[in-house]
Amino acid sequence: MDLAYTPEHDAFRAEARAWLAANVPAEPLPSFDTAEGFQAHRDWESKLNAGGWAMVPWPVEYGGRGADLLEWLIFEEEYYRANAPGRVNQNGIFLLGPTIMEYGTDEQKARYLPRMASSEEVWAQGWSEPNAGSDMAAIQATALRDGDEFVINGQKTWASRGAFADWLFGMFRTDPDTERHRGLTFILVPLDSPGVTVRPIEQLDGETGFAEVFFDDARVSVVNQLGKEGEGWKVAMSTAGFERGLMLRSPARFQRTAQRLVDLYRAHADECEPALRDEVVRCWMGAEAYTLETYRTVSRLLSGGKIGFEASLNKIFWSELDLAMHRTALAILGHRAELLPGAPSAGDVGSWLDGYLFSLSGPIYAGTNEIQRNVIAERILGLPRS
Ligand SMILES: Cc1cc2nc3c(=O)[nH]c(=O)nc-3n(C[C@H](O)[C@H](O)[C@H](O)COP(=O)(O)OP(=O)(O)OC[C@H]3O[C@@H](n4cnc5c(N)ncnc54)[C@H](O)[C@@H]3O)c2cc1C
């Protein structure tokens, strides 16, 4: 692991910083889990893409700038430093995009990646079903071959951004005689297809961050299959690796929260119990440790390594760190922590409550932390299954 930046890295950082300073909206955009906010974020993504910053590590022909993963980390640091809007197409650019890069045909790369980079097409992830959450191999939704088409039936749920997204990627059972991990195929489905019904789900904060999606004889072309038929589990594990191990939660996000937490503590230090100072320091150190660990992962990937089961360690670490940071912030704020975003005189206080509510879901999404602990026990420590 080499922690020194080259002059090219410094120049890249300066260019990103200058572009973001000139272009990041002065006021925060409305939440992307509202219709208005979704469109505002889509417009922002389009601007980011026009500037060449949508997904810097992708090849130029697909909307990137051919940067390496280290430059992506640098870009992320500048992005959070500039307080730029959340990425509405995160399921696409951070999860499906790298999977298409690994398993897609040249036609699929050319078809999907540029429109993903510009957020002309925003993606939802359709894995969970009412009876298949942690136990993803219990998926029941079927996609049965009829000539050059799959006929899809069943239900997906908890699809983030699903209420407003254009496309869904998901796993479907293409061989009804199989069970568990076999006979599943990774398929890309336009959400406006006949036979697809999207029903928004209201979440804890009242916004429609999710949708359940119903398929009634929905037909999609077999060219929408990613990877080989029946090998969906393998393709999905690659997506999960990016989700848990690297791209979904870049360290810059937590460094930014840690810095805000330090600033919050400093502003209220006189009113805080001494133990809270230790908590703040622990959180800050956690964010730094996560950053160094991510730089190590990226160094490994740049030398030809792959994301492996250690992605589960990573996922537990970032989700528990996020929770600890928000809990500490609420403790510093005391009774003021109950102010909702937008309440009179709330100022920035409401964003901590908002962030706390979301951080509660960190140990659940991207595979619950209990499941990650099982993976660590069995796959890394080699412990018996029972
Ligand atoms: C904010 C958020 C966003 C999400 N976005 C998406 C999305 O975009 N697409 C999508 O497909 N899904 C999404 N999900 C769903 C998420 O993947 C599931 O909620 C998660 O996998 C858990 O499944 P479940 O809710 O069915 O819980 P269950 O699987 O029923 O689990 C219930 C509890 O039992 C525990 N448990 C279950 N099995 C075991 C075991 N073998 N060992 C130990 N403990 C166990 C779990 O850890 C959990 O605590 C999202 C969830 C949240 C909260």
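The values are calculated or read from the model by the stated rules, or taken from the named source; none is laboratory data. Source: prediction; values computed, not measured. Neighbour counts are summed over all protein chains in view; Cβ atoms, including those assigned to glycine, are modelled from backbone coordinates with ideal geometry. To get the accessible areas, we keep the full protein, side chains included, count just its heavy atoms, and leave off ligands, DNA and RNA. Shrake-Rupley method; radii C 1.70, N 1.55, O 1.52, S 1.80 Å.
Remarks
Quick grid of which residues meet (1) touching a strand residue (DSSP E or B) at 6+ places or on another chain (Cβ under 7 Å); (2) within 13 Å of the ligand (Cβ to nearest atom); (3) assigned to a helix (DSSP H, G or I):
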residue: 336; (1), (2), (3): no, no, yes
residue: 342; (1), (2), (3): no, no, no
residue: 378; (1), (2), (3): no, yes, yes
residue: 385; (1), (2), (3): no, yes, no
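- The sole residue among 17, 42, 65 that is open to solvent by less than 50 Å² (accessible area, probe 1.4 Å) and out of contact with any Leu (no Cβ under 9 Å at 6 or more places or on another chain) is 42.
- Residue check: residue 33 meets all listed conditions (1) more than 16 Å from residue 160 (Cα to Cα); (2) within 15 Å of the chain's Cα centre (by Cα) but one, namely (1).
- Members of the range 309-327 found to be open to solvent by less than 30 Å² (accessible area, probe 1.4 Å) and not aliphatic (A, V, I, L, M), listed by number: 312, 314, 315, 318, 319, 322, 326
- The residues of the range 136-170 that are within 9 Å of the ligand (Cβ to nearest atom) and in contact with a helix residue (DSSP H, G or I) (Cβ under 7 Å, 6 or more places away or on another chain), listed by number, are 160, 161.
- Looking only at the range 109-135, and only at residues there that are among the polar types (S, T, N, Q) and surrounded by fewer than 17 Cβ atoms within 10 Å (Cβ to Cβ), the one that is farthest from the ligand (Cβ to nearest atom): 131
- Selection status of residue 353, among the aliphatic types (A, V, I, L, M), surrounded by fewer than 17 Cβ atoms within 10 Å (Cβ to Cβ) and more than 10 Å from the ligand (Cβ to nearest atom): no
- Every condition in (1) surrounded by 16 or more Cβ atoms within 10 Å (Cβ to Cβ); (2) more than 18 Å from the chain's Cα centre (by Cα) holds for residue 171 except the one numbered (2).
- Residue in the range 82-108 that is farthest from the ligand (Cβ to nearest atom), counting only those that are open to solvent by 20 Å² or more (accessible area, probe 1.4 Å) and assigned to a helix (DSSP H, G or I): 106
- Filtered residues of the range 192-238 (kept if within 22 Å of residue 36 (Cβ to Cβ) and surrounded by fewer than 20 Cβ atoms within 10 Å (Cβ to Cβ)): 192, 198, 199, 200, 201, 202, 203, 204, 205, 206, 207, 208
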